[in-house]
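Just below is one structure, and these are the notes that go with it.
The values are calculated or read from the model by the stated rules, or taken from the named source; none is laboratory data. Computed from a predicted model, the values in this text were never measured in an experiment. Heads up, the Cβs are rebuilt from the backbone with ideal geometry, glycines too, and the neighbour counts pull from every protein chain shown.
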Amino acid sequence: MGLVDAEDSVGGSRRRVISLLAEALLPLASASDRALGARRIVDLLAGTVARACQIDLVDENGALATLARSPAEEGPGYSAAAEAAEEVARSGTAQVVQAAAESPVWAVLPLTVRRRRVGVLSVALDHRSSGVDDAEMADLGRIAVSVGAALAHAEAYERAFRVSHTLQESLLPSAVPTAGWFEMAGRYVPGTTGLDIGGDWYDAEILDDGTLALSVGDVAGHGIEAAAQMGELRSAIMALRRVQSGPDTLLSVLHGVGATMGCVATAVSVRVDRSGEMRWSSAGHLPPLLVRPDGDVEILPGEQAPLLGVGYTGAVPLNRWHLEEGETVVLYTDGLVERRDEGLDESLERLTEELAQMSWRTPSDLIERMLQGRDVSASTEDDIAVLVTRLRADPGV
């Protein structure tokens, strides 16, 4: 016998099920998406204690907006429940309504969190004429408390998500530089959809002497602290470019900065001039990739220093390469390449093979192809920063 068809003689059984539902709804308080959480709640209630169910949110003006609704036949009962929901949203007092004897009984309850009404829960029960007794309303009230908590938690999570990712975006460049002798594109992709923002960055600017300065790095860890440390390191690099002569000297100073900050990070600093002369230094970072016009891909050979923040005080190697017209340099963080099921050397070999097979026209196209080609199920869910630069004929020469 279905719950909604139960007779009053088993009202106690119904109340026990409603009580268990209230407990079952508690885990939904950890939901991070209001729409998804509300959909699950509606499906759960409509499949057990209710013929139909609807959750409405109260906006800042006190108006109702439907967040989730179970499929059910339209009728006078819905109209009566909608009118009751408007009144419940204003008064905060639960109501029981029934449009006609053949219509379902609707229990309409406020969703209140810390004296703030966040919404209204409307539950259609069966066709009985006896209404809803006090014990059943009390049990439905428990469900409403759990639903309200879930929606309030999800609302707070959504707000924090927007703030954290706005912070992340504010620490990254809003645009990459442009000039006649190169093409460039950069992209940052968070590894998760939650608040766990990371410390990956990319940066590019044209210096006063006309050379192009690039950097890509990755602070260990996630969260606001990692993002803040990323911002500090990136700012330090931008400042040091004004007074340091090359990538090796810059990273030597940055080793001390990282140790003082107490963070561990990888970084690569690159300089490229109009003639294609490229100099770079690396602190534990993945090697640059070279993509030739014919599609061949090479891992650029070079020496590197240890990670930033480990107390290294030795010399930082300076590497050199000459870029020919049409050659492209790809700088990236490990989220692009690493997989759970393979070693780093295998991952790099796989990435170079994939790049060699890709068809693209611009640096932005190449980044899109690389990101589309990722096997998300096998990835480490780490953040990704990618910076792609292609040398082209300089019309000013």
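Here Trp201 fulfils each of the conditions (1) closer than 16 Å to Leu172 by Cα; (2) in a helix (DSSP H, G or I) apart from (2). Scanning segment 358-397 for residues that are under 24 Å from Ser215 (Cβ atoms), at pLDDT 90 or above and in a loop (DSSP other than H, G, I, E, B) gives Trp360, Thr362, Arg392. Taken together, the residues in segment 331-350 that are more than 24 Å from the chain's Cα centre (by Cα) and under 18 Å from Thr389 (Cα atoms) amount to 0. For segment 79-93, the candidate set comprises residues that are in contact with a Pro (Cβ under 9 Å, 6 or more places away or on another chain) and assigned to a helix (DSSP H, G or I); within that set, the residue that is modelled with the highest pLDDT is Val88. Looking at segment 94-142 only, could you name the residues that are at pLDDT 85 or above and either of a type in the set (Ser, Thr, Tyr) or in contact with an Asp or Glu (Cβ under 6 Å, 6 or more places away or on another chain) (or both)? Within segment 94-142, Thr112, Gly119, Val120, Ser122 qualify. Contact map, segment 99-122: first residue outside the structural domain of Gly141 (by TED's automatic domain parsing), second residue surrounded by 23 or more Cβ atoms within 10 Å (Cβ to Cβ), Cβ cut-off under 8 Å, separation 6 or more or different chains; the map is empty.
Is at least one residue of segment 59-73 crowded, with 17+ Cβ neighbours inside 10 Å and among the small types (Gly, Ala, Ser)? Yes.
Conditions (1) touching a residue at least 24 places away in the same chain (Cβ under 8 Å); (2) surrounded by fewer than 21 Cβ atoms within 10 Å (Cβ to Cβ); (3) over 16 Å from Ser282 (Cα atoms), marked per residue:
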residue: Gly198; (1), (2), (3): yes, no, yes
residue: Tyr202; (1), (2), (3): yes, no, no
residue: Ile206; (1), (2), (3): yes, yes, yes
residue: Leu214; (1), (2), (3): yes, no, no
residue: Gly217; (1), (2), (3): yes, no, no
residue: Met230; (1), (2), (3): yes, no, yes
residue: Thr249; (1), (2), (3): yes, yes, no
residue: Val253; (1), (2), (3): no, yes, no
residue: Thr260; (1), (2), (3): no, yes, yes
